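One structure is given here, and the rest of the page talks about it.
The values are calculated or read from the model by the stated rules, or taken from the named source; none is laboratory data. Keep in mind that what you see is a predicted model, and the values were worked out from it rather than measured. Heads up, the Cβs are rebuilt from the backbone with ideal geometry, glycines too, and the neighbour counts pull from every protein chain shown. In case anyone asks, the SASA skips ligands and DNA or RNA and just uses the protein heavy atoms, side chains included. Shrake-Rupley method; radii C 1.70, N 1.55, O 1.52, S 1.80 Å.
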Amino acid sequence: MAKTIMIQGTMSNAGKSLLAAGLCRIFKQDGYRVAPFKSQNMALNSFITREGLEMGRAQVMQAEAAGIQPSVDMNPILLKPTNDTGSQVIVNGEVLGNMSARDYFAYKKKLVPAVLEAFERLSKKYDIIVIEGAGSPAEINLKQDDLVNMGLAKMVKAPVLLVGDIDRGGVFAQLVGTVMLLEEEERALIKGLVINKFRGDKTILDPGIVMLEERAGIPVVGVAPYMQIQVEDEDSLTERFERPQTVGVIDIAVIRLPRISNFTDFNPFESMDGVSLRYVRSAAELKNPDMIILPGTKNTMEDLLWMRQNGLEAAILKAAAAGTVIFGVCGGYQMLGETLKDPLGAEAGGEIRGMGLLPVDTVFAGQKTRTRVTGVFTQMDGCLAELSGTELEGYEIHMGVSTRKDGCRSLTEISNYAHSAGTAAAGGDAARKPDGAFRENVFGTYVHGVFDREQVAKAVVTALGRRKGIDVSGITSVDFAAFKEQQYDILAATLREHLNMEKIYEILNTGIEGPSATGKEMAE
């Protein structure tokens, strides 16, 4: 059975996901088979596995760092918020249903067997499992039937590293306060403290570390610096949204919808010199971009009404009329159509008019489409002609079915992946089906990850530059897969420098019940 180590935080966004990914990479580099695990994830960024199952994006990122294929066993429970008090509950990659927060709190203890079974399957395949907690273990009102923080640590006998965020201030109070609010048996599980996101001269911090260790009775195993690592974010707490609104040679604006999901679709543009990718929430922030992207959302109809009320819809319609490229992905594609109907109440229920930029009608069904796809852009002229014939790869994850009408053509031709790993796409060209739609300067697709391939992002930027009369040949395109591998290596190197890995290996080997038979081997 695998050895385990768990990363818990004093709060959301303390850096648990990134540290877990870094440890996955380090253990991989040291020759171990390592896998990530998070029993329950709440996020709108999700992913479809080769088997057509849905899981949280953070564990996909950590699996990439570990050099393995993502599996729903790494994230058996995914909660996708539908509103302020409820979520869609996904178990083992399949939709269980929508629940209010109170209903889920009463139900979740029934999911403990599913969590432990997923963990056991991973434990039989790997040497090390790096577990990520959620939020804070000191949420005393939520500790009953906990299955993601200390409750899980006790069930799988995992030693814990507790991470605090010094960038927000109050890190000593975060760490000591969290420890004090835990039960004695829970405190015993914490084997090390980590101060994260540190900027400045560490020697000034050292006296505080001594006092922290004295007060908490737990050693500090590292002070990790604030890292500008470009890997995929888990949810809307991402710092991407707060970056300065600098406009580049090629300017792309993404509408920051209230329920924005899978915004990782647009990360490839961030890696291109001379390209600005801005997330905007108002017509004033929109300015005059070269392309406006409407992203995915967990509630298409309500987010469309939000844009309608705050003036963004009118601003986008004005930009579209002036020739600006408008590109919708998944829910954003649905918004661009003429009507959205929800007869079964899959989202908000009822019927509303769309933005009318594409002659497309969408009906929300009870069945969720979940599949990985490969395909090619159809032959186009005009705005994005450079995309014609370019190959793409990604995944579909949506409730709606969209029907094109006269006046537009399909944007891509796609086919589903065969669900068994290592096999070719099912059926080849003969099995391809039309996806999405385009008309003049407006484009829509259901494919998430549509820009991930280097040639796709490069073709889009080249086309936008041509429209402005700008030579963008000097803008460097990036192999996004290779770029991410480089980022994981930088992350691992940084953590090796600033964490006491010898102590972390000791914690990993000793666990919470004493040294294991293979502890000496791993320490070497």
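Around Q367, with a cut-off of 15 angstrom between Cβ atoms, what is the net charge of the other residues, counting Lys and Arg +1 and Asp and Glu -1? It would help to have the intermediate numbers written out before the result.
On the way: positive: K368, R370; negative: E54, E94, D342, E347, E396.
Summing Lys/Arg as +1 and Asp/Glu as -1 gives -3.
For the peptides 102-115, 489-502, the ranking by mean Cβ contacts within 10 Å, running from highest to lowest, is 489-502, 102-115. Given +1 at the Cβ of Lys and Arg, -1 at the Cβ of Asp and Glu and no other charges, the dipole of the range 244-353 around its Cα centre is 220 debye to the nearest 20. The tail of the calculated P(r) for the range 115-185 beyond 19 Å holds 41 percent of all Cα-Cα pairs. Taking the accessible area of the chain, probe 1.4 Å, and keeping the other protein chains in place, the carbon and sulfur fraction comes to 50%. At q = 0.07, 0.08 Å⁻¹ the log10 of I(q)/I(0) for the chain amounts to -0.40, -0.52, computed by Debye summation with a single uniform scatterer per C-alpha, solvent ignored. Solvent-accessible surface of the chain, taken per residue with a 1.4 Å probe and all protein chains present: 40 Å². Centre-to-centre, using Cα atoms only, the range 342-380 and the range 292-311 are separated by 14 Å.
For the range 60-152, the convex hull spanned by the alpha carbon atoms encloses 111 Å³ per residue. Annotation: extensible slack from D406 through K109 equals 101.8 nm (criterion: 0.36 nm per residue apart, minus Cα-Cα distance). The antiparallel fraction among DSSP beta bridges confined to the chain stands at about 50%. Kindly provide log₁₀ I(q)/I(0) values, in the same order as q = 0.09, 0.15, 0.16 Å⁻¹, from the Debye equation applied to equal alpha-carbon scatterers of the range 1-141. The Debye formula, applied to the Cα set alone, gives -0.25, -0.71, -0.81. G350 sits among other residues whose Cβ lies under 12 Å from its own Cβ, and their net charge, with Lys and Arg +1 and Asp and Glu -1, is -2. Modelled label positions at K341 and M211, each set 7 Å beyond Cα in the direction of Cβ, lie 6.7 nm from each other.
Averaged over residues, the count of other Cβ atoms within 10 Å places the peptides 31-39, 181-189, 321-329 in the sequence 31-39, 321-329, 181-189, highest first.
Both the radius of gyration and Dmax for the range 81-205 are 17.0, 52 Å, in that order, over alpha-carbon atoms. Distance between the 7 Å Cα→Cβ label points at I140 and A284: 4.2 nm. Modelled label positions at A493 and L305, each set 7 Å beyond Cα in the direction of Cβ, lie 5.1 nm from each other. Peptides 435-445, 215-225 ordered by packing proxy, namely the average of other Cβ atoms within 10 Å per residue, highest first: 435-445, 215-225. Placing R0 at 30 angstrom, the Cβ-Cβ distance between E391 and V247 gives a FRET efficiency of 0.45 after rounding to 0.05.
The angle between the Cα long axis of helix 300-310 and the main principal axis of the chain comes to about 80°, on a 0 to 90 degree scale. Every helix of 4 or more DSSP H residues in the chain counts as -39500 (n - 2.57), and over all residues that averages to -9000 deg cm²/dmol at 222 nm.
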